[in-house]
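The values are calculated or read from the model by the stated rules, or taken from the named source; none is laboratory data. Not measured: the values here are computed from a predicted model. Cβ placement follows ideal geometry from the backbone for every residue including glycine, while neighbour counts extend to all protein chains displayed. When the accessible area is computed, the model is the full protein with side chains, heavy atoms only, and any ligands, DNA or RNA have been set aside. Shrake-Rupley method; radii C 1.70, N 1.55, O 1.52, S 1.80 Å.
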Amino acid sequence: MPTSTFENLNHEKRQKIEQALLHEFSEHSLATAQVARIVKEAEIARGAFYKYFADLKDAYQYLYAKAMQDIHQNVATTPHQLMSAQDYFEWTRAFVQKVHGSRYYDLIKLHLRCNEGILPMHPVSKIPALQWTIMTINHAAIKECLNFPDEQTMILQRLLQALQRLLENEGDKNVSGR
């Protein structure tokens, strides 16, 4: 993760560096990314990059975590904040169809195609089972939609059906007190 030096930069400079990272990692896999292109776009010295991040992987992990936080900011993740099947579906559909023009679309697409296997996985054991299941099927649908755009309609319809069944079953449990 970035150093305190990076965290203490003024907002404009940090934004410029983040934009350069986003551009690089949206265009190039982690294996082919270059510090040289990042520092040129960000208009910083190469040494400054290494004052902010340990290496490219560190910079990538920072940006990816920031992207995940931004992308999920309006998605309910606590047990008492479950959204409806339609809401989860619409959120996923909007992302894969670029409805809101997510600035992270290309980053996520390249991440799923090239970088996902490079980064260490972290267990999500603190997420309740239902939210984990919703997250897992939504992420699987996003990956399929990005990899198979011609099949997007079918994939999204299957996602909606799965979410409806999943949340319908959960609603039945809550009604019967199980």
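For the stretch 34-74, filtering for residues that are farther than 15 Å from residue 14 by Cα, open to solvent by 20 Å² or more (accessible area, probe 1.4 Å) and either of a type in the set (A, V, I, L, M) or out of contact with any helix residue (DSSP H, G or I) (no Cβ under 8 Å at 6 or more places or on another chain) (or both) leaves 14. Only a single criterion out of (1) closer than 22 Å to residue 95 by Cβ; (2) surrounded by fewer than 18 Cβ atoms within 10 Å (Cβ to Cβ) is not satisfied by residue 15, namely (1).
Residue count for the stretch 101-154 satisfying the condition of being surrounded by fewer than 16 Cβ atoms within 10 Å (Cβ to Cβ), assigned to a loop (DSSP other than H, G, I, E, B), among the aliphatic types (A, V, I, L, M) and touching a residue at least 12 places away in the same chain (Cβ under 8 Å): 2. With the structure loaded, tell me whether residue 89 is modelled with pLDDT of 90 or more, surrounded by 15 or more Cβ atoms within 10 Å (Cβ to Cβ) and under 17 Å from the mean Cα position of the chain (by Cα) or whether it fails that test. In short, yes.
The set of residues in the stretch 9-65 being in a helix (DSSP H, G or I) and closer than 19 Å to residue 120 by Cα consists of 25, 56, 57, 58, 59, 60, 61, 62, 63, 64, 65.
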